[in-house]
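Okay, so here's the structure we're looking at.
No lab work stands behind these numbers, since they all come straight from the coordinates. None of these values were measured; they are calculated from a predicted model. Ideal geometry is used to build each Cβ from the backbone, glycine not excepted, and the neighbour counts take in all protein chains shown.
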Ligand SMILES: [Fe+2]
C-alpha cells in the first residue's frame, strides 16, 4: 500500500529588502511632500498618478517595485507580467505611536505589496504585519498539538524591507509604539 501527502493550495508570500540608500530618497520625498497630519493614509488617488509630483517615488516604482512584482509572478507562474496591461495603486501611511490596523484584505486587486521606507525598529516598537491563515475555519476543532499549522505568521519589518502577497490574504498590523513607520502599500490589478 502506498500513501502520499501533498500540500495543496499554498499561499506564497515574498519577503525581501532593499539597501537603505535606495529607499532613503523616497522616504525624504514622501515626508516633505505629503501631509500626514491626520495620522493615517495619504491619498485616495494613487501617488503614481500625475496629480502628484513625486519623481523619486516614480523612479523607485519603475526600477524596483515593478521588478519585484515581475520576480514574484515569474517564480510562481513562469510568466512575465505585461506591465502596460496592469494597473497599480500606491498610497502611503505614516503610522505614529498607537498605530494599528485590523484584519483586512485588498479587495479588487490580485497582488499586494508593502514597502517599508522608514521604520523605527526595536523589540519594543511592535508594528508586526500578521498574515492570517486564508483557509477560514481550517483550525476548527484542532486541539493543542495540531493547532500550530494555523498560527498567524508575523513579520517585524525594518527600513528597506518589503512583502508581496496575494491580495486575498487577510492581514493585520499589531500596535506600533514608535515614532515613525512610513510605508508604501501597492495594489496590482491585472488586466491580462
Ligand atoms: Fe493591507
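Annotations for the structure displayed:
- Only Cα pairs under 8 Å and 6+ residues apart enter the sum, and on that basis the relative contact order of the chain stands at 34 percent.
- Ellipsoid semi-axes for the range 121-192, based on the Cα gyration tensor and the rule √(5λ), read 26, 21, 8 Å when sorted largest first.
- Remark: the residue 51-residue 142 segment gains 27.7 nm on full extension, using 0.36 nm per residue and subtracting the alpha carbon distance.
- Calculated FRET value between residue 5 and residue 96, using beta carbons and R₀ = 45 Å, to 0.05: 0.45
- Here the calculated FRET efficiency for residue 84 and residue 130, from their Cβ-Cβ distance with R0 = 45 Å, stands at 0.85, rounded to the nearest 0.05.
- Ascending count of other beta-carbon atoms within 10 Å, so fewest first, for 1, 190: 1, 190
- Length released on extending from residue 103 to residue 14, taking residue separation times 0.36 nm less the Cα-Cα span: 30.1 nm
- Residue-span extension gain [residue 158 to residue 190] - 0.36 nm each, minus C-alpha spacing: 8.6 nm
- Here is the tail figure for the range 14-190: Cα pairs spaced more than 30 Å apart come to 18 percent of all pairs.
- Acute angle (nearest 10 degrees) that the helix 66-77 long axis makes with the longest principal axis of the chain, alpha-carbon atoms: 20
- Exposure proxy order (Cβ contacts within 10 Å, fewest to most) of 168, 99, 116: 168, 99, 116
- Globularity index of the range 89-137, i.e. its alpha-carbon radius of gyration over 2.2 N^0.38 Å: 1.35
- For the range 49-106: span of alpha carbons on each principal axis (Å, largest first): 41, 31, 16
- Relative exposure of 131, 117, 103, judged by other C-beta atoms within 10 Å (fewest first): 103, 131, 117
- Estimated from the Cβ-Cβ distance and a Förster radius of 45 angstrom, the FRET efficiency linking residue 35 and residue 71 is about 0.85.
- Kirkwood Rh in Å, taken over the range 16-114 so that all alpha-carbon pairs contribute: 15.2
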